[in-house]
1. Quick one: what are the phi-derived ³J(HN,Hα) couplings along region 52-59, Karplus 6.51/-1.76/1.60 with θ = phi - 60°, whole Hz, x for glycine and proline?
2. With Cα extents along the principal axes in Å as the read-out, I listed (1) 63, 48, 38; (2) 85, 48, 46; (3) 55, 47, 32; which label goes with the value calculated from this structure?
3. Taking the simple approach of a point 7 Å from Cα along Cα-to-Cβ for both Leu30 and Lys260, what is their distance in nm?
4. If you restrict to DSSP beta bridges whose two residues both lie in the chain, what percentage is antiparallel, to the nearest 5?
5. Looking at the chain, how many pairs of lysines come closer than 25 Å at the Cα, when each pair is eight or more places apart or spans two chains?
6. Using only the alpha carbons of region 145-226, determine the length spanned along each of the three principal axes and report them from longest to shortest in whole angstroms.
7. So for the pair Met173, Ala214, with labels modelled 7 Å out along Cα→Cβ, what separation do we get in nm?
8. Using each residue's phi in region 176-184, evaluate 6.51 cos²θ - 1.76 cosθ + 1.60 at θ = phi - 60° and report the 3J(HN,Hα) Karplus result to the nearest Hz, with x for Gly and Pro.
Amino acid sequence: MSWFKRENGEFEAAPETATEEEKRVRTEGLWTKCPSCRQAIFNPDLQANLNVCPKCQHHFKIGARQRIELLLEPGFQYVDGGLRSTDPLNFVDLKPYKSRLRRAQEETGLDDAIVNAIGQLGHHGVVVSAMEYSFIGGSMGAVVGETIARAVDRARLTRRPLIVVAASGGARMMEGIVSLMQMAKISTALAQLDDSRVPYICVLTDPTTGGVTASFAMLGDLNIAEPGALIGFAGPRVIEQTIRQKLPEGFQRSEFLLEKGFLDAVVHRKDLKPYLIRALDFLRAPAA
């Protein structure tokens, strides 16, 4: 390599005493690999594109608070907070349920896997209830059920349309029958909302499965989903193992469900807010 010479010591190798951390190039946290097209995306570009891959349009998961900020106008208000699970069964598997809750609360800054807010969606006053998947997989326990039921009651009493953003692995097994009871609890509240003729729209995101799909996520006056979202009751692997047949391509994805009539629309994230505003223009609640 006679053609390459160092004229000074500016590019000398790291000293032998340097640690691996000091030798490593500091790029961690700057790039994200898309799970769909496998391309590396510069994080500021990903965030500017609403956490959607600019190359293949794969929709990354986003948090409940970010979801609310994308939908509502500035000045919205968080409500129905402060509820925390009491671990009614003193459940322990690999680790105590109490420690799982404590860790999830520390990592997300939330009390549980749900956030309620009231505010303006365009010119519509609405109640929004958004699920947080990073909190124990967005699973539905007593707190999630009670918080969504309060959002339903608030929408009914104030005659504001209700929008629920679902992102969940289903009922929370650590709360046993208490979590399963939330399916009937929320469904009953939604029946009262329907009797009051107040619109309810459910936005299904990736993933929406289990008891959430089997209850409130499929009861909307309008059920819409983001592209490529996994939506179903049991997972595709469990279904294949049970029926011992190969499932069709795209099974349980939002486009497949739209084709089969389970959804009303599949809407890109950048189009979601104007789509909801237009939908509410048609579904506007009559005066009390």
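1. For region 52-59, the Karplus curve yields 10, 4, x, 8, 10, 6, 5, 8 Hz.
2. Structure-derived value, by its label: (2).
3. 4.5 nm
4. On the way: 17 of 35 bridges.
Around 50 percent of the beta bridges assigned by DSSP in the chain are antiparallel ones.
5. Lysine pairs meeting the criterion: 14.
6. Rounded to whole Å, the extents work out to 35, 28, 15 Å.
7. Placing both labels 7 Å along Cα→Cβ, they lie 1.4 nm apart.
8. For region 176-184, the Karplus-derived couplings read x, 5, 4, 6, 5, 5, 5, 4, 5 Hz, x marking Gly and Pro.
The values are calculated or read from the model by the stated rules, or taken from the named source; none is laboratory data. Note that the structure is a prediction, hence the values are computed from the model and not measured. Cβ atoms come from the backbone with ideal geometry, glycine included; neighbour counts cover every protein chain shown. In case anyone asks, the SASA skips ligands and DNA or RNA and just uses the protein heavy atoms, side chains included. Shrake-Rupley method; radii C 1.70, N 1.55, O 1.52, S 1.80 Å.
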